[in-house]
Amino acid sequence: MSELLEMRGIEIQFPGVKALDGVDFTLRAGEVHALLGENGAGKSTLIKCLTGVNRMDAGEILLEGKPIRPTSPQAAIELGISTVFQEINLCPNLTVAENIFVGRQPMKHHQINWKEINRRASELMERFNVHIDVTRPLSYYSTAIQQMVSIARAVDIDAKVLILDEPTSSLDENEVKQLFAVMRSLKEQGIGIIFITHFLDQVFEMSDRLTILRNGHLVGVYDIQQITKLELVTEMIGKDMNEIFNLKRAHVAEDAPILLKAEHLGAPGKVEDVSLQIRKGEMIGFAGLLGSGRTETAEMIFCVARPTKGSLEMNGEPLKARNPLDSINHKMAFCPEDRKRDGIIGDLSIRENIVLAMQAKRGFLHPISRKEQNEIADKYIKLLSIATPDAEKKIGELSGGNQQKVILARWMATEPDLLILDEPTRGIDVGAKAEIQRLMLEMCERGVSVVFISSELEEVIRCSNRILIMRDGKKAGELGGEFGTDTQSEILKIIAGEGASA
């Protein structure tokens, strides 16, 4: 197999840090090559160098044996290097066809040829086995379909190199299978695919080779058959996996007081009937497929959405909350699923993001002094090991794992009694996952109750005292006590409607 892309001795220096130090990377035509490493390892910097966002201080890039030096993302596209990002960067108000051909519409008699655009867009989506009406707005379709549209656009501009940055982070199991079928088809066409993901099972299912980075250095390049999952994690982190996940569930006494009680919560089209109790210092995990009602239930508890039936009690008293600010004042906290859209304010500093909820709780007529802001930010940067030179760095410039830690710091600063975490470890590396899980458990030990929503059953089982299983907007089952090797299959049976709830 020929070398399609070669990056040799890449060095990039940022103020105070060497982001890449002599990194090599090669991609062959018709292969899927996984680019792996913790957040901050240098993956994004290497990709930004390849796509013309970052200028390299040393090194060279060859495409099909010829030197290239992309100066912008558009220049990279013109060379045949396309990227599909984790956050879909298309226009939801435009049609599918318009999104595919925006900026390069076929013309006829000096006018846009809409008939041709729609015909070609339909044919392109059919190639990916996606049968949709391309004249509908993109926002009409699921995240998975939008992801396919992104890939279709990237491929249709004669891509030689396709970069997929966390393409499966928002997809369910069937959607992932559909995406993988598309990736295999693209491989057969000779396209080289750089695959960035934190799902290690997917790495071993789809990749031909993998490259591991750590702290801006090349750790190694492996054929997929040469390395085990345990060896891979050890190389990525620089530590043994057992050491990383040596976590112990918080102990919750059987007579621990009930902090929150929900009875028959529901709202049309979201959740039909959910009842639960959360004890002080307990972590309750929510398991279920995407769309099962996990997030909707959490949003009702925090009053992001109002239930139309049922009741909520906190500390034995009716919870009279009408909006999230009322919930904050009742010592509740909520880290949303989409940290980019609903969690961070990218252009504000780490300091400003951390004090945001505390300031809202105090009211804007009682501003937090700059001195106190600095003290709070510095305290949580140190406590959560947030990787940053100082608190004034823009949060949008941090890695995903460090952004998640800042959001966690924001809510820890409010000293909540109940912390709701919706997919807090999605799209972050193994080491950062373990750190966040450890912080969650430490908060439980201090008496904070935690609702933990995750699509990864392994971590729900590892961390939770009890697991509430959702299916089709209803509570389908509940498991508690000691969890064993058969717990995951038991949960899956309940999700599938084949198992009995406990």
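In table form, for the structure just shown:
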item	result
Paramagnetic reach from residue 498 in region 287-303 [backbone N under 16 Å; point 7 Å along Cα→Cβ]	289
Length released on extending from residue 11 to residue 251, taking residue separation times 0.36 nm less the Cα-Cα span	81.6 nm
Percentage relative contact order, the chain, counting C-alpha pairs under 8 Å, at least six apart	15 percent
Karplus-derived HN-Hα couplings along region 330-338 (A = 6.51, B = -1.76, C = 1.60, θ = phi - 60°), whole Hz, x at Gly and Pro	8, 6, 10, 9, 9, 9, x, 5, 9
Long-range amide H partners of residue 309 with built H, under 5 Å	266
Of 261/361; 248/270; 229/433, pairs whose Cα-Cα distance is over 25 Å	248/270
Förster radius 30 Å - calculated FRET efficiency between residue 374 and residue 69, Cβ distance, rounded to 0.05	0.10
Virtual spin-label span in nm between residue 258 and residue 326, 7 Å along Cα→Cβ	2.1 nm
Helix axis angle, 400-412 relative to the chain longest principal axis, alpha carbon, degrees	20 degrees
Whole-Hz couplings from phi, Karplus 6.51/-1.76/1.60, listed for region 160-167; x for Gly and Pro	9, 10, 10, 9, 10, 9, 6, x
Between helix 173-188 and the chain: long-axis angle, C-alpha atoms, 0 to 90°, nearest 10	10 degrees
Whole-percent carbon and sulfur share, accessible surface of the chain, 1.4 Å	47 percent
Region 95-242, relative contact order in percent, only Cα pairs under 8 angstrom and at least six apart counted	16 percent
Residues of region 160-240: accessible area per residue with a 1.4 Å probe, Å²	41 Å²
Structure-based [θ]222 nm, the chain - -39500 (n - 2.57) summed over DSSP H runs of at least 4, per residue, nearest 500	-10000 deg cm²/dmol
Relative contact order of region 242-394, pairs being alpha-carbon contacts under 8 Å that are 6 or more residues apart, as %	17 percent
Vicinal HN-Hα couplings computed from phi for region 104-112 (Karplus, 6.51 cos²θ - 1.76 cosθ + 1.60; Hz; Gly/Pro x)	8, 5, x, 10, 8, 6, 6, 10, 5
Helix 114-127 axis, angle to the chain major axis (alpha carbon atoms, nearest 10°)	70 degrees
Solvent-accessible surface ranking, highest first, for 6, 126, 337, 188 at 1.4 angstrom	188, 126, 337, 6
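The values are calculated or read from the model by the stated rules, or taken from the named source; none is laboratory data. Source: prediction; values computed, not measured. Cβ coordinates were reconstructed from backbone atoms using ideal geometry, including for glycine residues, and neighbour counts include every protein chain displayed. Remember, those area values only see protein heavy atoms, side chains included, never the ligands or the DNA or RNA. Shrake-Rupley method; radii C 1.70, N 1.55, O 1.52, S 1.80 Å.
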